[in-house]
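Here is the structure we will look at.
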Amino acid sequence: MVGTQKCVFCGRDIEPGTGIAFVRTKDGAVLWFCSNKCKVASLKRGMKPRDTKWTAEYKKGARGK
């Protein structure tokens, strides 16, 4: 059985059979995204997860403030 993946942008768990796998052509790295929202925010807009309010990394950093 295949385990769950983590979204590289927001940090949510991705169930098997769902999500978007993006393969970077430079180095062949596979980036897993849970939704098109995360994919566009990361690749096209160049947003940082630590500056985006709906990600787990932002919430993790907000605890220290």
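The values are calculated or read from the model by the stated rules, or taken from the named source; none is laboratory data. This one's a predicted model, so the numbers in the text were calculated from it and none came from an experiment. Every residue, glycine among them, receives a Cβ derived from its backbone with ideal geometry; neighbour counts consider all protein chains shown. Protein only, heavy atoms only, side chains kept; ligands, DNA and RNA dropped before computing areas. Shrake-Rupley method; radii C 1.70, N 1.55, O 1.52, S 1.80 Å.
Observations on the structure shown:
- Within the set GLY61, GLY17, the sole residue that is modelled with pLDDT under 95, outside any strand (DSSP E or B) and open to solvent by less than 70 Å² (accessible area, probe 1.4 Å) turns out to be GLY61.
- Within region 23-49, residues that are touching a residue at least 40 places away in the same chain (Cβ under 8 Å) sit with their Cβ atoms under 7 Å from residues that are open to solvent by less than 40 Å² (accessible area, probe 1.4 Å) and outside any helix (DSSP H, G or I), at 6+ positions apart or across chains, in these pairs: PRO49/PHE9; PRO49/CYS10; PRO49/THR55.
- Members of region 4-14 found to be open to solvent by 70 Å² or more (accessible area, probe 1.4 Å), β-branched (Val, Ile, Thr) and either without any contact (Cβ under 8 Å) to a residue 24 or more places away in the chain or part of a helix (DSSP H, G or I) (or both), listed by number: THR4
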